Amino acid sequence: MINVILLGFGNVNSHLLRAFSESEEAAVIQVFNRSKIDLNTLNDIPFTSQLSELKDADVYIIGIADDAIASFSEKLANQNKLVVHTSGSAAIDVLSANNRRGVFYLLQTFSKQQKVNFQKIPICIEAENKTDLKLLQKLGKAISNNVVEVSSIKRARLHLAAVFVNNFVNYMYQIGSEILKEDELSFNLLQPLIAETASKIKTLSPSEAQTGPAKRNDKKTIEKHLHLLESEAHKKIYKLITAQLTQKYGKEL
Ligand SMILES: NC(=O)c1ccc[n+]([C@@H]2O[C@H](COP(=O)([O-])OP(=O)(O)OC[C@H]3O[C@@H](n4cnc5c(N)ncnc54)[C@H](OP(=O)(O)O)[C@@H]3O)[C@@H](O)[C@H]2O)c1
């Protein structure tokens, strides 16, 4: 059994708590958070907000804001323990060298209220030596069928790509919902389209899957859309992406 302590209790670590509690190979033995949390979510797992009260564990998982990882890891006692972070963009060496360092990056989007299936989530691991890498592999396999070793440099690119396909796409949903609100149309009308767009990318390349007025270079439709858009920010985004798409795919009419 691999004993784990979760440091921070935001989106990622609260999901990890649930995933580990359903696994037979790993157990969370303590949760730390700098501020109080709802203890009902912990299922009797001991909680502390004092770093001096941390127990002995095999792996310490820091699930806190990227910018705080370095200074937070400096505050951990120097005990040659395996301390990992869960960030996509932070390099392994942002962690203090006071302990053994590693990365346990879950390539998925987590919101506290949304359950996710861990089995399919790629877990990108990194460590400074083979023994720690093996331990992280075992820990990852306890909750997922997809554990891969990825260096800090490659993980940074993976995270960048993830920002485009997840965060930016989600922002497009936001723009879509704002446009519909102006005419009191339900966002639900777009759900089948959103589902199909995500689904067809499983078999087609992004380039093959691309459709729309910019790809067809339908100039009149593009002008009409720009006229309909009220927000200057939305106009800017529309123009920028349309220009890119036209350049990549646009045919002369
Ligand atoms: N959310 C995702 O979809 C996702 C996916 C993959 C990887 N990650 C990575 O996972 C990590 C955690 O992200 P998250 O979304 O779970 O974060 P989150 O929900 O925003 O939670 C942030 C956590 O960080 C703690 N924190 C912030 N600043 C701190 C500081 N200076 N000292 C100590 N604790 C501090 C917060 O404590 P308080 O409660 O006291 O404020 C809270 O527990 C990040 O590295 C992120 O890049 C996130």
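Readers should treat all values here as calculations from the given coordinates under stated rules, not as data from a laboratory. Values in this document were obtained by computation on a predicted structure and should not be read as measured data. Backbone-built Cβ (ideal geometry, glycine too); neighbour counts: all protein chains shown.
In table form, for the structure just shown:
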quantity: Inter-probe distance in nm under a simple model that places probes 7 Å from Cα toward Cβ, at Leu204 and Ile241; calculated: 1.6 nm
quantity: In region 1-76, the trypsin sites (Lys or Arg not before Pro) that fall in loop regions by DSSP, at most 16 other Cβ within 10 Å; calculated: Arg34, Lys36, Lys55, Lys75
quantity: Added length on full extension, which subtracts the Cα-Cα distance from 0.36 nm per residue, Leu185 to Thr131; calculated: 13.8 nm
quantity: Cα pair distances exceeding 27 angstrom across the chain, given as percent; calculated: 48 percent
quantity: Among beta bridges that DSSP assigns inside the chain, antiparallel share in %, nearest 5; calculated: 20 percent
quantity: Antiparallel %, DSSP beta bridges [both residues in region 2-150], to 5; calculated: 20 percent
quantity: Separation in nanometres of the label points that stand 7 Å from Cα toward Cβ, at Ile153 and Asn78; calculated: 3.1 nm
quantity: Extension gain (nm, one decimal) between Leu193 and Glu230, 0.36 nm per residue minus Cα-Cα; calculated: 11.0 nm
quantity: Projected label distance in nm at Ala68 and Asn11, using a 7 Å step from Cα toward the beta-carbon; calculated: 1.5 nm
quantity: Rounded tilt (10° steps) of 219-228 against the dominant C-alpha axis of the chain; calculated: 70 degrees
quantity: Residues listed by number, region 156-184, amide nitrogen under 11 Å from Thr109 label point at 7 Å toward C-beta; calculated: 163-174
quantity: Rounded tilt (10° steps) of 169-182 against the dominant C-alpha axis of the chain; calculated: 50 degrees
quantity: Nearest-ten-degree value, helix 11-21 long axis tilted from longest Cα axis of the chain; calculated: 60 degrees
quantity: Relative contact order of region 40-165, pairs being alpha-carbon contacts under 8 Å that are 6 or more residues apart, as %; calculated: 19 percent
quantity: The chain, relative contact order [Cα under 8 Å, separation at least 6], %; calculated: 13 percent
quantity: Magnitude of the charge dipole, the chain, Cβ model with Lys/Arg +1 and Asp/Glu -1, debye to 20; calculated: 700 debye
quantity: Entries in Lys112/Lys181; Lys75/Lys134; Lys202/Lys236; Lys112/Lys235 that, when Cα-Cα distance is taken, lie over 28 Å; calculated: Lys202/Lys236; Lys112/Lys235
quantity: Net +/- balance of residues flanking Tyr60 in space, Cβ distance below 13 Å, scoring K and R +1, D and E -1; calculated: +2
quantity: Assigned charges on the beta-carbon of Lys, Arg, Asp, Glu; region 155-249 dipole about Cα centre (debye); calculated: 580 debye
quantity: Charge dipole magnitude, Cβ of K and R +1, D and E -1 - region 2-150, Cα centre, debye nearest 20; calculated: 160 debye
quantity: Net charge of Cβ neighbours under 10 Å - reference His15; Lys, Arg +1; Asp, Glu -1; calculated: +3
